[in-house]
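Asks: Input: one structure, supplied below.
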Amino acid sequence: AVLCSSAAAVALVRWLRHRQIQQKMEEARRTRDQALEQMEKAAHRFKQEKPGTQTAHILSLTMTELVEKLKEGSLSPESVLYSYMGKVKALEVTREVNCVIDFIHGCEDQLQKLKKQKEKGLLYGIPISIKDHINCKGHISSGGMVKFLGQVKEEDSVIVQVLKSQGAIPFVKTNIPQTMLNYDCSNLIFGQTLNPLNHQKSPGGSSGGEAALIAAGGSILGIGSDVAGSIRLPSSFCGLCGLKPTGNRIRYSTTFVLFFHPPQRLQNVPRMLGPMGRDVDSLALCMKALLCEEMFRLDPTVPPLPFDEEVYTSSKPLRIGYYEGDGYFQPSPSMKRAVQEARKLLQDAGHTLVPFAPPKIDYVVDELFTRGLFSDGAAHLVDCFKGDLVDPNLRSQFNTYRLPALVKRILAIILKPIVSVQTCLICGRRWRHHHWSQAYCTEFIAKWRKLRLDVILCPVLGPAFNHGYAGKLFAATSYTNLYNVLNFPAGVVPVGTVTRADEEELKHYRGHYGDPWDKRLKEAVEGAVGLPVAVQCVALPWQDELCLRFMKEVETLA
């Protein structure tokens with residue numbers, strides 16, 4: 001009787017806790033729906049007041065064209081903002097692909113202030129979408145976690161303040177995967193975001209809501225973040241351009257705290273904020289606007305390096321290193337073909353292409369990236385889930401993270417001869433990672449210098465995954481997380497689409513090792529004919545403008 005009573009009491013407590021969590025999630029969804037309804041009413045009101053607004057024309061403009069028309073006065077900031085808020089796109093798109101989680105209601109007040117300003121900033125009148133975890137005054141930054149619901153932020157993050165000072169209008173916040181430790185885009189609060197190009201596919205992550213919204217036409221410029229490819233992967237999956245700048249070029253200041261054990265993680269694998277858009281010029285303009293006196297004043301830890309327009313607009317021939325595979329994860333047929341075709345285009349345009357192979361890639365992924373990311377054996381991350389529920393798309397990762405350290409070590413030893421990756425079997429503290437990362441960076445740069453390279457052309461993971469695979473293929477981020485470890489600026493540019501020939505060749509894909517991860521990758525990318533394929537462009541630290549210039553060259557040729 002005592003045992004039965006105790007079991008019933010435990011079950012009741014668990015049920016009550018679960019019910020409390022469900023109620024909080026339901027309240028968050030109601031709040032989101034009310035915010036979107038408020039946005040819909042505002043857009044409808046403007047449409048009635050200004051029935052002649054050429055919404056379709058406004059939405060068809062590139063960001064460069066939009067900036068020009070706003071500055072010359074042929075378009076008003078109101079017409080642009082309400083066009084993006086209205087019938088298209090931010091509303092219809094989010095109903096279709098579930099990418100918007102909040103309306104930044106202060107954007108209408110900001111619009112009125114903007115009209116009174118004498119000086120027009122570089123982003124005057126441009127509506128911008130913001131990733132969930134970036135703080136906006138009066139709004140939550142949930143991280144996809146119930147425990148952070150209700151924690152309304154009292155001030156804008158530095159990057160939002162700078163965007164506003166340049167005339168931009170942040171107007172919506174977008175969805176992310178729970179904890180942002182997955183390159184899918186799903187959480188139990190706001191649900192699964194779909195790829196607008198194919199609803200059976202993931203938009204990527206963790207900046208997946210941004211990618212989905214921009215790709216569907218609901219935003220012209222977005223701000224994401226990147227710790228393993230979280231800007232570059234969704235850009236690849238959705239056919240966008242995205243830039244991961246050098247760490248500290250744009251600081252994470254006052255943004256939402258991630259789920260890693262501080263402070264060691266911050267030293268080992270730098271995290272960055274960066275722009276996402278439909279073309280490279282949009283990214284360059286955003287970087288130019290952000291790297292201003294206001295940024296340097298608000299955050300003195302950011303080096304005062306203004307955007308170098310001369311480097312970005314240079315036409316000097318480049319010496320380009322390239323590789324089609326990193327030797328860790330065999331690229332899908334379309335990934336490999338994208339690099340081959342881009343290489344030929346660049347060569348024909350007068351650039352010099354030099355074969356390059358990243359040194360010790362297994363060591364980078366297994367030791368420097370994963371063990372560096374989770375220097376405490378993922379204990380802090382697991383602790384964050386107390387009193388919360390785990391999203392199904394994160395469950396396989398989370399179940400591994402919470403294994404006892406001894407079990408992880410034993411599994412790592414047992415599985416070593418069988419599989420290629422043990423990156424999920426994280427074993428304890430490795431406090432010398434910062435030193436090891438610096439030593440590897442020195443070795444990498446020495447190889448770069450020996451070949452006299454300006455930039456590197458390489459694959460980026462793609463095409464878009466089928467739902468449910470990203471959480472089971474964390475190690476497949478090797479193509480992007482290498483440049484987080486190195487802290488090199490890296491960007492993604494779409495260069496074509498998946499062909500039927502690619503799909504046919506995929507049937508014979510075996511991977512480097514023929515292990516379960518290789519099999520999963522094949523399954524993950526199946527059925528992608530017509531979806532975007534991209535390449536990755538890389539430069540040395542602090543040469544973000546050169547990286548963008550290279551991206552622009554690839555974009556123009558492709």
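The values are calculated or read from the model by the stated rules, or taken from the named source; none is laboratory data. Quantities reported herein were computed from a predicted structural model and do not represent experimental measurements. Glycine also receives a Cβ, built like all others from the backbone with ideal geometry; neighbour counts cover every protein chain displayed. These accessible areas exclude ligands, DNA and RNA; they are computed on the full protein's heavy atoms, side chains included. Shrake-Rupley method; radii C 1.70, N 1.55, O 1.52, S 1.80 Å.
Asks: Out of the residues in the range 243-255 that are open to solvent by less than 10 Å² (accessible area, probe 1.4 Å) and closer than 19 Å to ILE128 by Cα, which is modelled with the lowest pLDDT?
Replies: That would be ILE250.
Asks: Also: Is there any pair linking a residue in the range 508-534 that is in contact (Cβ under 8 Å) with a residue 60 or more places away in the chain to one that is among the charged types (D, E, K, R) and surrounded by 15 or more Cβ atoms within 10 Å (Cβ to Cβ), with Cβ under 6 Å and at least six apart or on different chains, and which?
Replies: Qualifying pairs under 6 Å: TYR509/LYS522; GLY511/ASP518.
Asks: Say we look at the range 511-549 and pick out the residues that are assigned to a strand (DSSP E or B) and of a type in the set (Val, Ile, Thr); which of these is surrounded by the fewest Cβ atoms within 10 Å (Cβ to Cβ)?
Replies: VAL538
Asks: Moving on to the next point. Which members of the range 318-350 meet the condition of being outside any helix (DSSP H, G or I), hydrophobic (A, V, I, L, M, F, W, C) and open to solvent by 30 Å² or more (accessible area, probe 1.4 Å)?
Replies: ALA349
Asks: Would you list the helices (runs of 4 or more DSSP H) that sit entirely within the range 363-418 and hold 3 or more residues that are within 19 Å of LYS472 (Cβ to Cβ)?
Replies: Counting at least 3 such residues, we get 392-401, 405-415.
Asks: Now for a separate question. In the range 122-167, which residue that is among the aliphatic types (A, V, I, L, M) and farther than 24 Å from ILE220 by Cα is surrounded by the fewest Cβ atoms within 10 Å (Cβ to Cβ)?
Replies: Looking at residues that are among the aliphatic types (A, V, I, L, M) and farther than 24 Å from ILE220 by Cα, I get VAL152.
Asks: Can you confirm whether the range 49-62 contains a residue that is closer than 29 Å to SER186 by Cβ and in contact with a His (Cβ under 7 Å, 6 or more places away or on another chain)?
Replies: There is no residue in the range 49-62 that is closer than 29 Å to SER186 by Cβ and in contact with a His (Cβ under 7 Å, 6 or more places away or on another chain).
Asks: Is there a residue being in contact (Cβ under 8 Å) with a residue 40 or more places away in the chain and open to solvent by less than 70 Å² (accessible area, probe 1.4 Å) anywhere in the range 8-18?
Replies: No: the range 8-18 contains no residue that is in contact (Cβ under 8 Å) with a residue 40 or more places away in the chain and open to solvent by less than 70 Å² (accessible area, probe 1.4 Å).
Asks: Additional query: Conditions first: (1) more than 18 Å from the chain's Cα centre (by Cα); (2) modelled with pLDDT of 95 or more; (3) open to solvent by 10 Å² or more (accessible area, probe 1.4 Å). LEU194 passes all but one, so which condition is the exception?
Replies: For LEU194, the exception is condition (1).
Asks: Run down LEU451, LEU457 and say which single residue is surrounded by fewer than 17 Cβ atoms within 10 Å (Cβ to Cβ), at pLDDT 95 or above, touching a strand residue (DSSP E or B) at 6+ places or on another chain (Cβ under 6 Å) and not assigned by the TED database to the domain that holds PHE237.
Replies: Going through LEU451, LEU457 in turn, the sole match is LEU451.
Asks: Regarding the range 49-58, can at least one residue be identified that is free of Cβ contacts under 8 Å to residues at least 24 places away in the same chain, part of a helix (DSSP H, G or I) and within 24 Å of LEU122 (Cβ to Cβ)?
Replies: Yes, because at least one residue in the range 49-58 is free of Cβ contacts under 8 Å to residues at least 24 places away in the same chain, part of a helix (DSSP H, G or I) and within 24 Å of LEU122 (Cβ to Cβ).
Asks: Among the residues that make up the range 235-242, is at least one of them closer than 22 Å to VAL162 by Cα and either open to solvent by 10 Å² or more (accessible area, probe 1.4 Å) or among the small types (Gly, Ala, Ser) (or both)?
Replies: yes
Asks: Further, regarding this structure: Could you pull out the residue among GLU65, GLU108 that is among the acidic types (Asp, Glu), surrounded by 18 or more Cβ atoms within 10 Å (Cβ to Cβ) and in a helix (DSSP H, G or I)?
Replies: Answer to the check: GLU108.
Asks: Filter the range 274-317 for residues that are touching a residue at least 60 places away in the same chain (Cβ under 8 Å), surrounded by fewer than 20 Cβ atoms within 10 Å (Cβ to Cβ) and of a type in the set (A, V, I, L, M) and give the result.
Replies: LEU298, LEU305, VAL311
Asks: Would you confirm whether any residue within the range 360-368 is farther than 30 Å from GLY527 by Cβ, crowded, with 18+ Cβ neighbours inside 10 Å and among the aliphatic types (A, V, I, L, M)?
Replies: yes
Asks: Taking the range 25-47 on its own, how many of its residues are surrounded by fewer than 18 Cβ atoms within 10 Å (Cβ to Cβ) and under 14 Å from SER79 (Cβ atoms)?
Replies: Here the count works out to 2.
Asks: Report yes if VAL495 is closer than 17 Å to LEU318 by Cβ, under 20 Å from the mean Cα position of the chain (by Cα) and not in a helix (DSSP H, G or I), otherwise no.
Replies: Criteria met by VAL495.
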